[in-house]
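The values are calculated or read from the model by the stated rules, or taken from the named source; none is laboratory data. The structure displayed is predicted, hence computed values, not measured ones. Methodologically, a virtual Cβ is constructed for each residue, glycine included, from the backbone with ideal geometry; neighbour enumeration extends over all protein chains shown.
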Amino acid sequence: MLFLMLGKSVSLEGSQEGIQAYLASDFSVLVDKPEVWPKAVSQIFFSIGITFGIMTAYGSHCKRDEPAFMNSCVIAFSNSLFSFIAGFAVFAALGHLAVLEDAEDINDLPFAGFGLVFGSWPVVLGTLPGGEHWIRLLFFMLFCLGIDSAFSFMEGFLICANDTIFFGSINPKYTAMVLTALAWLFSLIYATDAGLIFLDTIDYYINFVMLLVGGFKCFAAGWLYNIDEQIDSCGAQLVFTYMVASFGPVFLACIVWFSVADAQTALWAGFVGLIVFYLVGLSFTAYLIHKKMKNNVGFWSWKSTIYDLTLRNVTDLRTDLSGVVGYLPYVWGLLIKYFCPHIIIVLFSLGCSAKTETGQTQFGHYGSYVFFPFQLLGILTIVFAGFLFISSLVFPRMYNWCKKADSPIVSKNATIHMAPEDKSDDGNAAFSMTQPTLWPPKKADASATNNSVHDQWVQEEEWAEGEESKA
């Protein structure tokens, strides 16, 4: 259907002007109206299915040895390519509509949002022989696309739910039936006279939900994974100080950028605050590292401490995932920890600070719709997503029923201890497995004596044996 539309559109009068307008886009809008950035990112999230659990659901149906990284690249590239090609069909149709409406430019056409498809494509298909049947086929295709999206959202929830301890014992058919019934009840608001207003409002606020969920996922993967082992190794003060040093400057810069009225002043003041905060935070982090090294001579070095603090948890995540999903590039871990969450914070703040034509923030005043029920319902969707994340941090045991049974990730509930004096019968170093979950003990610096190293190992072995006897 897309290529049929494309072929017919480019053959119509005025299509060339429409395509020229498409390729000669005014990129100054990215600066003049920066609020388009979070909307564009959210649209990419939505079209690919990121932050909805859809990729997780579909990935669970793949073979165990499927190259997840390659598949992800193919999906993202195919989605962008499809959207780019569809742009030619849409703008060629708009160019023809501009001729029919005697409009000087396609920007003068009264089509936007939902009307862009419903107002342009039927005109193009109507020029084909038997055009009314092609138009019927178009609307049937749109109906199928909607049902397909519903399947994806349902599958994303069902796969994750059926993997949990609570829902795992329930027949998936019953779970699907109950979820479908609930979704149908909630969707009834879209069948009312105010249905399009509800849809427009929820569609706007769901952008924030996708950014929020995406940011939480990146933060959890890059900063919270194995944080208990990181705290055991580096200490809570050092771990959380570095976390504040990394995210504090971004929050400060966003406050300055999007609250100061003078754009020029806000820009440079925000960057100055970001740099100063970051340098102060790193300096205090370095002081804590030096203090810890001084108190634990022989078991800490700058190199090992910085690695444990900055890269070890996300490197462990990459290693653990690679054992299940295959190859993952090293740059993936760096982006997950040091790029994606920070950029998402900026985009979320940018979206919240966007102004309406009357000077009010769009957040809470979108589309000039009344606060109750339209704005309130949209804001509650964001609050609900935030509640789920914050409550999982403060009260993690609330979600014990969500644990995945028989996870393919290798358990880390063991620590490998090795003493150079201990040898096995074949002459190799002897290993022992002890509890509880800890990162492998630090290797001593060259300046430390073998006795101090061995004493530390002996203390750990005695402590572990005592814990085992208690168990």
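Would it be correct to say that Val314 is under 20 Å from Ala245 (Cα atoms), of a type outside the set (Gly, Ala, Ser) and out of contact with any Pro (no Cβ under 6 Å at 6 or more places or on another chain)? Yes; evaluated as a whole, the condition is true for this residue. With respect to the conditions (1) crowded, with 16+ Cβ neighbours inside 10 Å; (2) in contact with a helix residue (DSSP H, G or I) (Cβ under 7 Å, 6 or more places away or on another chain), Glu229 lacks only one, and its number is (2). Among the residues making up the range 60-100, a single one is in a helix (DSSP H, G or I), at pLDDT below 90 and closer than 19 Å to Val325 by Cβ: Ala68. Of the residues in the range 254-261, at least one is at negative phi, touching a residue at least 40 places away in the same chain (Cβ under 8 Å) and not in a helix (DSSP H, G or I). Among the candidates Ala191, Ala220, the residue that is within 27 Å of Gln43 (Cβ to Cβ), of a type in the set (Gly, Ala, Ser), under 24 Å from the mean Cα position of the chain (by Cα) and surrounded by fewer than 19 Cβ atoms within 10 Å (Cβ to Cβ) is uniquely Ala220. Within the range 230-253, residues that are over 15 Å from Tyr307 (Cβ atoms) reach partners that are small (Gly, Ala, Ser) with beta carbons closer than 6 Å, at six or more positions or on different chains, in the pairs Ala245/Gly281; Leu252/Gly273; Ala253/Gly270; Ala253/Gly273. For the range 290-316, enumerate the residues that are within 27 Å of Leu328 (Cα to Cα) and in a loop (DSSP other than H, G, I, E, B). Answer for the range 290-316, where residues must be within 27 Å of Leu328 (Cα to Cα) and in a loop (DSSP other than H, G, I, E, B): just Leu311.
Considering the range 348-373 alone, what residues qualify as being more than 16 Å from Ile255 (Cβ to Cβ) and surrounded by 15 or more Cβ atoms within 10 Å (Cβ to Cβ)?
As a first pass, look at the range 348-373 and keep what is more than 16 Å from Ile255 (Cβ to Cβ): 355-360, 362, 364-373.
Gln362, His365, Tyr366, Tyr369, Pro373, listed by residue number.
Total residues in the range 275-308 satisfying the condition of being of a type in the set (Gly, Ala, Ser), farther than 20 Å from Gln230 by Cβ and surrounded by 15 or more Cβ atoms within 10 Å (Cβ to Cβ): the figure is 1. Inside the range 150-179, can you point out the residues that are at pLDDT 85 or above, of a type in the set (S, T, N, Q) and within 25 Å of Arg397 (Cβ to Cβ)? Those that are at pLDDT 85 or above, of a type in the set (S, T, N, Q) and within 25 Å of Arg397 (Cβ to Cβ): Asn162, Thr164, Thr175.
Residues are listed down the side, and each one gets a yes or a no for (1) under 30 Å from Met210 (Cβ atoms); (2) touching a helix residue (DSSP H, G or I) at 6+ places or on another chain (Cβ under 9 Å); (3) part of a helix (DSSP H, G or I):
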position	(1), (2), (3)
Leu116	yes, yes, yes
Val124	no, yes, yes
Arg136	no, no, yes
Phe143	yes, no, yes
Met154	yes, yes, yes
Ala161	yes, yes, yes
Tyr174	yes, no, yes
Leu179	yes, yes, yes
Ala183	yes, yes, yes
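Apart from one condition, Ala103 fits all of (1) outside any helix (DSSP H, G or I); (2) touching a residue at least 40 places away in the same chain (Cβ under 8 Å); the exception is (2).
To keep it simple, each residue is scored yes or no on (1) in contact with a Leu (Cβ under 6 Å, 6 or more places away or on another chain); (2) surrounded by 15 or more Cβ atoms within 10 Å (Cβ to Cβ); (3) free of Cβ contacts under 8 Å to residues at least 24 places away in the same chain.
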{"site": "Gly7", "(1), (2), (3)": "no, no, yes"}
{"site": "Leu12", "(1), (2), (3)": "no, yes, no"}
{"site": "Gln16", "(1), (2), (3)": "no, no, no"}
{"site": "Ile19", "(1), (2), (3)": "no, yes, no"}
{"site": "Tyr22", "(1), (2), (3)": "no, yes, no"}
{"site": "Ser25", "(1), (2), (3)": "no, no, yes"}
{"site": "Asp32", "(1), (2), (3)": "no, no, yes"}
{"site": "Glu35", "(1), (2), (3)": "no, yes, no"}
{"site": "Phe45", "(1), (2), (3)": "no, yes, no"}
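Pick out, from the range 1-56, the helices (runs of 4 or more DSSP H) lying fully within it that include 3 or more residues that are under 29 Å from the mean Cα position of the chain (by Cα) and either more than 23 Å from Asn79 (Cβ to Cβ) or in the same structural domain as Pro129 (by TED's automatic domain parsing) (or both).
Ranges flagged: 29-32, 36-48.
Out of Gly364, Gly378, Gly351, one residue alone is at pLDDT 90 or above and outside any helix (DSSP H, G or I). It is Gly364.
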